[in-house]
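Trainee: For reference, the structure I am asking about is given below.
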Amino acid sequence: MAVVITRLCRDCVDGACVDQCPVEAIVEHRPADRVSELPNQLFIDPDLCICCNACIPECPWEAILHEEDMPAAFVDDIALNRRAFEKSDEYHVPVTRLHRRVTSEEVEQNREKWLNAAEPADDQAVPLPVA
Amino acid sequence: MYSIMLYMKTRVTFRVAEDLAVTLRSLPNQTAFVEAALREALRESCPACGGTGRAAGTGLRVSNLRSQSLGPLSRGSALQLKTLVALARHAAATDVRLERARESFDIDFMVVRGDTVLTRGTLSTAEASSWPS
C-alpha cells in the first residue's frame, strides 16, 4: 500500500515534503505541451515511493496519508497519484516552491473545507498568501 | 539493392586526422565500417548508458522500506538516504538495497550497478527510535 498526497495539499506553497523525499517521488504535473489540467497540488509516484514515510510529518496540511488510512472523501486522490506512474513523462520534481509555515488554524480550516466539499469548484480553493 | 539501402541512411560529416582519412578512404565499405565502429564504441565505452543514450541511473531502484519491514525514517535518516540516492544516481547505479542491520535499528545499504557492488555501509537511524512503528 502506497503513500498518497490528498487534496489537502492543493494550492500549498510549502515544499518541505519535496526536500525531504529521498527518492524524488514527490512530483508536480507539468506536461511539456500544455497547461496542466490537474489540480494545483503535488503527487507521489507510487512506483518511486519507498514508503519511508519521511514526507508525512513534513506536510503542514497533514495531506499525506497511507492508502489504507484514506478517508472516504479523499479516496479519489489515490487514482490521481497513481496517474503519476502511468504518465511519468508528464510529471517532474518541482523546481521552485515557496516556503512558508502555516498555522494550526489554517490546517484545520483546510481540512474542514475539503472534508465538507464533495467535489468543490476550482474557485473555492483558497490560495495561501505568500509570506 | 545496396545503393537503395545507403540512401535510406542519414548523411553525417565529421573531421578526422589526415592519416585516418587516408585509411578510411581506402576501405571498400566506409559506411558499414564507420557505423559498426560507432555502435561498438557507444556500446562499450559509455558506462552510464551502455550505448542506449539513457543513463542507467535514471532507472534506479531503491528498496521499499515497508516490504523490508523497516520502520519510518526520521528526518535525519531520510536526508542521509537522499544523499546516498543522489550518489547512486551519479554513479549510474541500478539498485540501492536496504535491509535492517543486525542487532540494531540501523539500515544496511548496498549500492549496486548490475552485478557489481559499488559501495556498502550503514545508515544511522538513531532519531527513528522515537517514531511509532
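Trainee: If the only charges are +1 at each Lys and Arg Cβ and -1 at each Asp and Glu Cβ, what is the size of the charge dipole of chain A around the Cα centre, to the nearest 20 debye?
Mentor: 240 debye
Trainee: Hey, got a sec? Which GluC sites (Glu not before Pro) in the stretch A:11-62 land in a DSSP loop and have at most 13 other Cβ atoms within 10 Å?
Mentor: A:GLU37
Trainee: Something else: Quick check: from the Cα gyration tensor, does chain A come out rounded (a/c under 1.5), prolate or oblate? Display every interim value, and only then the final one.
Mentor: On the way: a/c = 1.24, a/b = 1.22, b/c = 1.02.
Because its axes are fairly even, with a/c under 1.5, chain A counts as rounded.
Trainee: Full-extension gain between A:ILE56 and A:ARG34, please, as 0.36 nm times their residue separation minus the C-alpha to C-alpha distance.
Mentor: 4.9 nm
Trainee: Next question, about the same structure. Apply the Karplus parameterisation 6.51 cos²θ - 1.76 cosθ + 1.60, with θ equal to phi minus 60°, to every residue of the stretch A:29-44 and state each ³J(HN,Hα) to the nearest whole Hz, in sequence, with x for glycine and proline.
Mentor: Working through the residues one at a time gives 8, 9, x, 6, 9, 6, 7, 4, 8, 8, x, 6, 7, 9, 9, 10 Hz.
Trainee: Within 10 Å of each Cβ in B:86-93, how many Cβ atoms from other chains are there, averaged over the peptide?
Mentor: Values: counts 3, 0, 0, 2, 0, 0, 0, 0.
Other-chain Cβ atoms within 10 Å of each residue's Cβ, averaged: 1.
Trainee: Please list, short to long, the whole-number percent of alpha-carbon pairs of the stretch B:57-130 in consecutive 5 angstrom bins beginning at zero.
Mentor: Binned Cα distances yield the sequence 4, 17, 29, 25, 16, 7, 2, 0.
Trainee: Where nothing but the Cβ of Lys and Arg (+1) and of Asp and Glu (-1) is charged, how large is the charge dipole of the stretch B:57-130 around its Cα centre, in debye to the nearest 20?
Mentor: Here the size comes out at about 220 debye.
Trainee: Take each of the peptides B:33-42, B:18-27, A:82-91, average the number of other beta-carbon atoms within 10 Å over its residues, and list them starting from the highest.
Mentor: Details: B:33-42: 11.9, B:18-27: 9.6, A:82-91: 15.9.
Ranked from most to least packed, the peptides come out as A:82-91, B:33-42, B:18-27.
Trainee: For B:SER67 and B:ALA86, calculate 0.36 nm times their separation in residues minus their Cα-Cα distance, and state this gained length in nm to one decimal.
Mentor: Going from the current span to full extension adds 4.6 nm.
Trainee: May I ask you to derive the FRET efficiency for B:GLU18 and B:THR116 from their Cβ-Cβ distance with R0 = 35 Å, giving the value to the nearest 0.05?
Mentor: On the way: r = 41 Å, r/R0 = 1.16.
Plugging the Cβ-Cβ distance into 1/(1 + (r/R0)^6) gives 0.30.
Trainee: How far apart, in nm, are two points set 7 Å out from the Cα along the Cα-to-Cβ line at A:ASP89 and at A:VAL107?
Mentor: Taking the simple label geometry, A:ASP89 and A:VAL107 are separated by 4.0 nm.
Trainee: Right, here's the next one. HN-Hα J couplings of the stretch A:100-108 from phi, Karplus 6.51/-1.76/1.60, θ = phi - 60°, integer Hz, Gly and Pro as x?
Mentor: 8, 6, 9, 8, 5, 5, 5, 4, 5
Trainee: Report the label-to-label distance for B:LEU79 and B:THR10 in nanometres (one decimal), using points 7 Å from each Cα along the Cα→Cβ vector.
Mentor: Taking the two extended label points, one gets 4.6 nm.
Here, each number is a calculation from the coordinates, and none is a lab measurement. Because the structure is a prediction, the values reported are computed rather than measured. Counting neighbours? That spans all protein chains shown, and the Cβs are built from the backbone with ideal geometry, glycine included.
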